[in-house]
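Presented below is the structure to which this report refers.
The values are calculated or read from the model by the stated rules, or taken from the named source; none is laboratory data. Everything numeric in this text was worked out from a predicted model, so none of it was measured. Note that we place each Cβ from the backbone using ideal geometry, even for glycine, and neighbour counts take in every protein chain shown. Only protein heavy atoms, including side chains, enter the accessible area calculation; ligands, DNA and RNA are left aside. Shrake-Rupley method; radii C 1.70, N 1.55, O 1.52, S 1.80 Å.
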Amino acid sequence: MFEFARYDARKRVRGSVYLSLGMSLLAAFAVWAYPSYSEAMDMNQLRDAFPEPMIRAFNIETMASLEGFLSVELYMFGWIILLGLYLAYSAASIVADDIDRGRMDTLLSMPVSRQRLATERFASLGVPILLVNVVTPVVVLVSARLIGESLSVADVLALHLLSVPYLFACAGIGLLASVVFDRASIAQRVALGVTFALYLVESLLRGTDYESLGALAPMRYFDPNAVLLDGTYDLAGAAVLVGMTAVLLFASQAWFVRRDI
């Protein structure tokens, strides 16, 4: 059991380590940059200097505290955008790459169902998702202590825990693209485009008459500001993301079962 998940998980370890190191460096840079910014300028004026579309796009509430600064510089940019796109892109090759390279017929000649193959390979994405969310919060908390700032340990850990269902939901978008398109390059571009389009719809239409269009975007249900600034944990939003991931996984399985290879 779980042979495909274990095999793919092992293949993802090295890339996951590099990803975790990269995001940790981004986190350390964001924390260490904060004192320089806060001493050189009025952070509230810096926030007001941004154009309104950018404020909405990055959901900038305040930059006058380390929590607000990290919400924008690390979590809105690093987690919601970069990691979301990365997971969607990675998941888009789960099925399409083997079809593209002519390996899928060999895999399906083994005693394995298409549902199991797609599910186990999707589950292997837990390696980068979990590793980056274990390493980075340690770097954030240690870096904050080194510059003399205090962050709520509970809030930082809760934020990273709540990001797990968000990242799996983004990966689900990539998985669906992977079973719809035969070529991995096309599936990856579609996954990137759809994920980023959902981010734009949710962020730019927030507070307008068309705000309801963002209900399908995973970004609506993961808010770093609420956790770091208000200490509010959106468990209902996390449940929606789990449900969204399940729907995308089941839809991908159904499509994969019915399509010709």
Per 0.36 nm of contour for each residue apart, how much would the distance between LEU25 and LYS11 grow if the chain were fully extended, relative to their Cα-Cα spacing? 2.7 nm
Once the Cβ-Cβ distance between LEU130 and SER150 is put in as r, and R0 is 22 Å, what FRET efficiency do you end up with, to the nearest 0.05? 0.25
Would you rank TYR221, TYR199 by solvent-accessible area, highest first, keeping every protein chain in place and using a 1.4 Å probe? TYR221, TYR199
Taking the solvent-accessible surface of protein heavy atoms with a 1.4 Å probe, what is the per residue accessible area of the chain in Å²? 48
Probe 1.4 Å, all chains present, heavy atoms only: GLU149 accessible area in Å², nearest 10, is 70
Quick one: ranking VAL17, VAL247 by accessible area, 1.4 Å probe, largest first, what do you get? VAL247, VAL17
Within 10 Å, count the other beta carbons around each residue, average over each peptide in 2-8, 171-177, 110-116, and list them highest first. 171-177, 2-8, 110-116
If one computes the Cα centroid of segment 210-261 and of segment 137-183, what distance in Å separates the two points? 14
Residues TYR18 and ILE186, FRET efficiency given R0 of 22 Å [Cβ-Cβ distance, rounded to 0.05]: 0.30
For the residue pair ALA254 and LEU161, what label-to-label distance in nm results when each label sits 7 Å from Cα along the Cα-to-beta-carbon direction? 3.3
Given R₀ = 22 Å, FRET efficiency for ASP105-PHE2 by Cβ-Cβ distance, to 0.05? 0.45
Apportionment of accessible area to carbon and sulfur, the chain, percent (1.4 Å): 64
Quote to one decimal, in nm, the extra length available between LEU213 and ARG116 on full extension: 0.36 nm per residue of separation minus the C-alpha distance between them. 31.6 nm
